[in-house]
């Protein structure tokens, strides 16, 4: 239970921080200690930054374990679908995402 609370707290903190200053957050994240909280923070960072810098989001998604990396890339793709269909198609092709 404590671990889940810590993960949720890290996720919320990073989401808010990323919205305000994603570059500073991106500088802090690599220095944070490895573990479930960092993983949760990374996922939150990826999801938040994807809407305005999808390539940075991809770089961070690639630091996640494979299953979570694939999920993060699919989420990034979904964000692009709603903004720019052509960009979403290109993103899907580059990251082996099968579009429905």
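Just so you know, all these numbers are worked out from the coordinates, no wet-lab data involved. These numbers were taken from a predicted model, which means no experiment stands behind them. Cβ: placed from backbone, ideal geometry, glycine included. Neighbour counts: every protein chain shown.
For the reader, a short list of remarks on this structure follows.
- Mean separation of Cα pairs under 8 Å and 6 or more residues apart, divided by the residue count, gives segment 2-100 a relative contact order of 21 percent.
- Cα-projected label distance for residue 16 with residue 59, points at 7 Å along beta-carbon direction, nm: 2.6 nm
- Helix-only CD estimate at 222 nm, as mean residue ellipticity for the chain, using -39500 (n - 2.57) per DSSP H run (n ≥ 4): -25500 deg cm²/dmol
- Contour excess over end-to-end distance, with Cα ends at residue 75 and residue 3 and 0.36 nm allotted per residue: 23.5 nm
- Length available on full extension from residue 66 to residue 97: 0.36 nm per residue minus the Cα-Cα distance, which gives 9.8 nm.
- Across 88, 50, 67, mean-square fluctuation computed from a Gaussian network of the chain (C-alpha pairs under 10 Å connected) peaks at 67.
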